[in-house]
Amino acid sequence: MAVAQQQTSRQGVKAVIVDDNTVLLTRERREDGSVYHSLPGGGVKPGESAVGALSREIDEELACEATFESQIGVCSYTHQTCPQTTNYRVFRARLTGDPSPVLSENIVGVTYADPSALPDNTLDPLARFIQQSVSATSPCEPTQSH
């Protein structure tokens, strides 16, 4: 009889970066080689603030810096590859440099997408969060040229 793994949770942060009515998505590679789209961000380390964690994650994933505006919401994602749920605080952010995907973090690209026409492989519920939050805050102000 298989023993069920206990579901754990962790705290995370994500950034919604809007430019010219599009939202920046990372293209990330899983261990099995498949690729999915997500928002930049990740886990909060013990003792780290949410904004500090998001600043670190954007630097680690995109090799650039950002400024952070207000928290615009929360969402949870139950991982498919492990028994874990991440509870994300989501912040509006502006990049202060050009994003450059960091392959060692499994970031294989970035794209700007229309919130109402996200790529099919965008993680759900992040896709739903983007569609609801970005369209609700339009018109979107430019953050940088791309």
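The values are calculated or read from the model by the stated rules, or taken from the named source; none is laboratory data. A quick note: this is a predicted structure, and the numbers were derived from the prediction, not measured. Ideal geometry is used to build each Cβ from the backbone, glycine not excepted, and the neighbour counts take in all protein chains shown.
Structure notes:
- Of all residues making up region 24-34, the number that are surrounded by 15 or more Cβ atoms within 10 Å (Cβ to Cβ) and either among the small types (Gly, Ala, Ser) or farther than 12 Å from Leu95 by Cβ (or both): 5
- For region 1-46, the set of residues classified as within 25 Å of Ala117 (Cβ to Cβ), at pLDDT 95 or above and outside any strand (DSSP E or B) consists of Leu39, Pro40, listed by residue number.
- Flag if Leu103 is of a type in the set (A, V, I, L, M, F, W, C) and either under 14 Å from the mean Cα position of the chain (by Cα) or modelled with pLDDT under 95 (or both): no
- Filtered by the rule that a residue be small (Gly, Ala, Ser) and touching a helix residue (DSSP H, G or I) at 6+ places or on another chain (Cβ under 9 Å), region 50-87 gives Ala66, Gly73.
- All positions within region 58-77 that are polar (S, T, N, Q) and either closer than 11 Å to Lys14 by Cα or touching a Pro at 6+ places or on another chain (Cβ under 9 Å) (or both): Gln71, Ser76
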